[in-house]
Amino acid sequence: MKKIFFLTVFAVVVLTSCGNNNKNPEDYVRAENFVVYPEYSLPQSSIEPETTTTAIPESKIISYNLKDTDIELIVDGEIVSTLKHEYIPDINNIVLGDFNYDGYDDIFIPYENSGSYIIYGDYYCYIHAENNFTKNSELAKIGKILTIDGENILSEKQYDEYTDVLIEYKWTDGKLNPFRKTETYTSSEDYLQHTNIYSYTEDGSEYLESST
């Protein structure tokens, strides 16, 4: 361990000003008890902030091919799985997207003759370690088409003749939970448009937050 030397200095510092050699005693300053430190090198970790790196997922080109009732799931031009159905999926509502936010595209496959307002179907998520797809249990709980809407947010949109509904979900610790529902409708009483906003408790219970 390096020693620290203490040097007591009794010094008189003469304050000088340009062109004036006659000084008042009060212009002198006594300085003492200076501490002199030897040269010391700080550890590298104390002068450079620690940096962390995040693994970047390997790029994969994911696509599909519809053959009658079968859907071929393709990764980098190679068929890795074939999903067999007893019906022809609604090709207009097949969606590729990173629904579980792991850096790889997944696929939503709707059922035959999906409803006009709510589109039901299955989610198959790409598993990089297996180079294959599997159903996601959290997405299966919803079982409806979702929109990727911002960072870590999925949105479910519902429409009917009277009310528009938007339910927003967030991934938290591998769970997909609703956190806000916006309901817009025209009242039959005053014929004005109203909006109800609901929030959710930790156990998933819904409560009205505001109404306009």
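Here is a check on your reading of the model: is E78 under 23 Å from K157 (Cβ atoms) and over 29 Å from the mean Cα position of the chain (by Cα)?
Numbers: under 23 Å from K157 (Cβ atoms): no; over 29 Å from the mean Cα position of the chain (by Cα): yes.
Considered against the rule, which asks whether it is under 23 Å from K157 (Cβ atoms) and over 29 Å from the mean Cα position of the chain (by Cα), E78 comes out as no.
Looking only at the stretch 84-108, filter to residues that are more than 30 Å from T172 (Cβ to Cβ) and either surrounded by 15 or more Cβ atoms within 10 Å (Cβ to Cβ) or not hydrophobic (A, V, I, L, M, F, W, C) (or both); which one of those is modelled with the highest pLDDT? Within the stretch 84-108, the match that is modelled with the highest pLDDT is K84.
If the condition is being hydrophobic (A, V, I, L, M, F, W, C) and either closer than 22 Å to Q158 by Cβ or part of a loop (DSSP other than H, G, I, E, B) (or both), then the stretch 108-138 contributes F108, I109, I118, I119, A129.
Scanning the stretch 186-212 for residues that are open to solvent by 70 Å² or more (accessible area, probe 1.4 Å) and part of a strand (DSSP E or B) yields T186, Q193, E206, Y207, L208, E209, S211. Taken as a whole, the stretch 144-165 holds at least one residue that is of a type outside the set (D, E, K, R), surrounded by 15 or more Cβ atoms within 10 Å (Cβ to Cβ) and outside any strand (DSSP E or B).
Going through (1) part of a helix (DSSP H, G or I); (2) crowded, with 17+ Cβ neighbours inside 10 Å; (3) not small (G, A, S) one by one, K141 falls short only on (2).
The values are calculated or read from the model by the stated rules, or taken from the named source; none is laboratory data. Given the structure is predicted, the values throughout are model-derived calculations rather than measurements. All Cβ positions, glycine included, derive from the backbone under ideal geometry; neighbour counts span all protein chains shown. Quick note on the areas: whole protein, heavy atoms, side chains included, nothing else; ligands and nucleic acids left out. Shrake-Rupley method; radii C 1.70, N 1.55, O 1.52, S 1.80 Å.
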